[in-house]
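Shown next, in C-alpha cells, is the structure this report addresses.
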Amino acid sequence: MSQYKIEAGTGQHIGDRKEQQDRTALFAAPRAPGYIMAIVADGMGGLSGGALAAEQVIRTAKLAFDLFSPQTDKVEKMLESIAHDAHTIIKLSAISSEKKPHSTMIALVITPERSAIWAHVGDSRLYRFDGPNCAERTVDHSYVEMLVKEGKLPREEAQNHQLSNVLVNALGSHENEPEVTIARHDGLKAGDSFLLCTDGLWHYFSDTELGAAIAMNSPRQASEMLINKARERASDGTGDNCTLAIVRLVEPPKESKGYTVSKMKRAV
C-alpha cells in the first residue's frame, strides 16, 4: 500500500487566444478506492471546435473511470479505450458540426499499489520528477520530434522550431487511427511528482525549471508560478492556451501522541 499522501491541483490561462480550448480534470474512481486520475486535453480546430474535442476527452475519461474496477479491468486497457472512444466521438461530432475538431490527450492514473500508469496522444506532455530532477517525460507525437528521431534535426533546435506545433498523431483525425503511447512506473515514493501540461506551458520552460518549481511549492503555488512565468515569457502577444495538472507525493503527516496523565487515568 502507499506510503505517501497525494497532493494535486490544476491551473489554466487563456493566453492570447480568443477562446480557452484546453481542458483538464482530476478524478477519483468510485469503484476503485485509492485510484486517482489526472488528465489534460488540448483542443484544436477553430473556435468552439477544439473546445468540443477537448471536452469530449474529459467526458470520456470520467465515464470510463467511473466504471473502472481493479478486480475486472486493467488501467492500461482503460486508458487506451478512452483515447479510441474519444477519437471516434470527435470524428462523429465533426460531421454534425461541420468543423474539424482534434485534440491531444495525456492521462495519468496513480494506484494504491504505488504504481503510475499514463497514456498520451499528441504533444501534451507528462513529466515525472524524482524530487526536483526530471526522471523522464513523454515524447511528442509531432513532426519535429519525428525529425529528431530520424537524425534530421538536433534536439536543441526542436523546441523553438517553426513547425513545432505540427502533429503527426491526434484524436479526431480522419486520416489515421490514433497511436496511443502507454508507459508506467512502479515503486512510487514520497518526493515523486508528475506534471501534465499542454504546449502552451512546456514551450517556455526547461526540465530543470519545471522540476524546481514543483518540488519547492504546493501544486497550487507551482501552478500560479508557472502560468505567470509562461505569460511573462510569451511577451509577443502570441501566447497559447496554458493548462496543467500537478500530482505530488508527499510524506504523510506524523501522528502526534496527545496523551496526558489525566487522559490516561480516565482510560484506566
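No lab work stands behind these numbers, since they all come straight from the coordinates. Every value quoted in this text rests on a predicted model; they were computed, and no experiment measured them. For neighbour counting, all protein chains shown are included, and Cβ atoms are generated from backbone atoms with ideal geometry for every residue, glycine included.
Within the range 146-164, residues that are in a loop (DSSP other than H, G, I, E, B) reach partners that are surrounded by 12 or more Cβ atoms within 10 Å (Cβ to Cβ) and among the β-branched types (Val, Ile, Thr) with beta carbons closer than 6 Å, at six or more positions or on different chains, in the pairs 161/144; 163/144; 164/144. Restricting 230, 190 to those that are farther than 17 Å from residue 135 by Cβ and within 20 Å of the chain's Cα centre (by Cα) reduces the list to 230. Across the range 31-63, the number of residues qualifying as among the hydrophobic types (A, V, I, L, M, F, W, C) and closer than 28 Å to residue 3 by Cβ comes to 7. Among all residues of the range 100-114, there is none that is hydrophobic (A, V, I, L, M, F, W, C), within 22 Å of residue 181 (Cα to Cα) and surrounded by fewer than 20 Cβ atoms within 10 Å (Cβ to Cβ).
Looking only at residues of the range 70-99 that are of a type outside the set (Val, Ile, Thr), over 20 Å from residue 38 (Cβ atoms) and not in a helix (DSSP H, G or I), we find that the one that is farthest from the chain's Cα centre (by Cα) is 98. You will find that of 163, 147, 188, 171, the residue that is surrounded by 15 or more Cβ atoms within 10 Å (Cβ to Cβ) and farther than 30 Å from residue 114 by Cα is 147 and no other. If you go through the range 135-157 and keep only what is touching a Ser or Thr at 6+ places or on another chain (Cβ under 7 Å) and hydrophobic (A, V, I, L, M, F, W, C), you end up with just 144.
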